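Asks: Before I ask anything, let me first share the structure, which is written out below as structure tokens.
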Amino acid sequence: ANMSFGSSGDYDLVMTPEGPDLKPKPLSEELVKRQQLMAAHPEILFSCSAGNEGYDTDVFPHYPSSYPIDNVMSVSANDRDNKLTSWSGHGILSCDVAALGKDVATIGAEEASHTASGTSYSAPYTSRLAGLILQLCPALDGKTLRELIMKTVVVDYAKPLPVRSGGI
């Protein structure tokens, strides 16, 4: 399932002896319900965009991509040179893979072709890949499918991307 939407968590600005700090607020009731619904369906891989604020989602979570659920895949955006975009959400612990998300060819509401950018254009790439894998292995659950995709990414070991798998 492609989940090309989301929001950063809510934070309170707190003054500490070291200076200002952001403390996460508890998840809203809506986000908790969504998390429970996704966790209740381990047979589905939820491919979730990682956000377009440029945040390290290890520090500033983005939902639903930051839910700690085995069948949620967080997808960052890279460009055609396989470099992470400056605006993509990313995180060594919280984002799983990157996929093309800059200048993606698309068709608008009036069927006019154009290019668009964002992690919402990256997540469908992993959804499509998951669908192709499921045609060959239909019994895979979401967790196994996520692990398989992460193990088969392309990694430039000289410059790994700041995502868990290191690649696209």
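Okay, residues lined up against (1) within 18 Å of N71 (Cα to Cα); (2) of a type outside the set (S, T, Y); (3) open to solvent by 40 Å² or more (accessible area, probe 1.4 Å):
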residue	(1), (2), (3)
T115	no, no, yes
L145	yes, yes, no
K151	yes, yes, yes
V155	no, yes, no
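Asks: Looking only at region 42-71, count how many residues are under 20 Å from Y125 (Cα atoms), not in a loop (DSSP other than H, G, I, E, B) and not polar (S, T, N, Q).
Replies: Adding up the residues that qualify gives 4.
Asks: Now for a separate question. Determine if region 53-61 includes at least one residue that is open to solvent by less than 30 Å² (accessible area, probe 1.4 Å), more than 29 Å from A139 (Cα to Cα) and within 10 Å of the chain's Cα centre (by Cα).
Replies: yes
Asks: Let me ask something additional. Give me the pairs, please: first residue somewhere in region 109-120 and farther than 26 Å from H90 by Cβ and part of a strand (DSSP E or B), second residue anywhere and among the aliphatic types (A, V, I, L, M) and open to solvent by 100 Å² or more (accessible area, probe 1.4 Å), beta-carbon distance under 6 Å, and either six or more positions apart or on two chains.
Replies: Note: pairs meeting the criteria are S113/I107.
Asks: Taking only pairs six or more apart or across chains, which ones have beta-carbon atoms under 7 Å, a first residue in region 131-152 that is under 19 Å from C48 (Cβ atoms), and a second residue that is open to solvent by 50 Å² or more (accessible area, probe 1.4 Å) and basic (K, R)?
Replies: M150/R164
Asks: State all residues of region 93-108 that are in a strand (DSSP E or B) and either over 14 Å from S74 (Cα atoms) or open to solvent by 70 Å² or more (accessible area, probe 1.4 Å) (or both); if no residue qualifies, say none.
Replies: V104, A105, T106, I107
Asks: Another question about this same structure. Please verify whether S117 is under 16 Å from the mean Cα position of the chain (by Cα) and closer than 18 Å to V72 by Cα, treating the condition exactly as stated.
Replies: no
Asks: Only one of (1) over 19 Å from M38 (Cα atoms); (2) more than 11 Å from the chain's Cα centre (by Cα); (3) outside any loop (DSSP other than H, G, I, E, B) fails for A77. Which number is that?
Replies: Looking at each condition in turn, A77 falls short on (2).
Asks: Just to be sure I understand, how many residues within region 121-168 are assigned to a loop (DSSP other than H, G, I, E, B) and more than 14 Å from the chain's Cα centre (by Cα)?
Replies: Of the residues in that region, 14 qualify.
The values are calculated or read from the model by the stated rules, or taken from the named source; none is laboratory data. Predicted model only: the values in this text are computed from it and were never measured. Glycine also receives a Cβ, built like all others from the backbone with ideal geometry; neighbour counts cover every protein chain displayed. Surface accessibility is based on the protein's heavy atoms, side chains included, excluding ligands, DNA and RNA. Shrake-Rupley method; radii C 1.70, N 1.55, O 1.52, S 1.80 Å.
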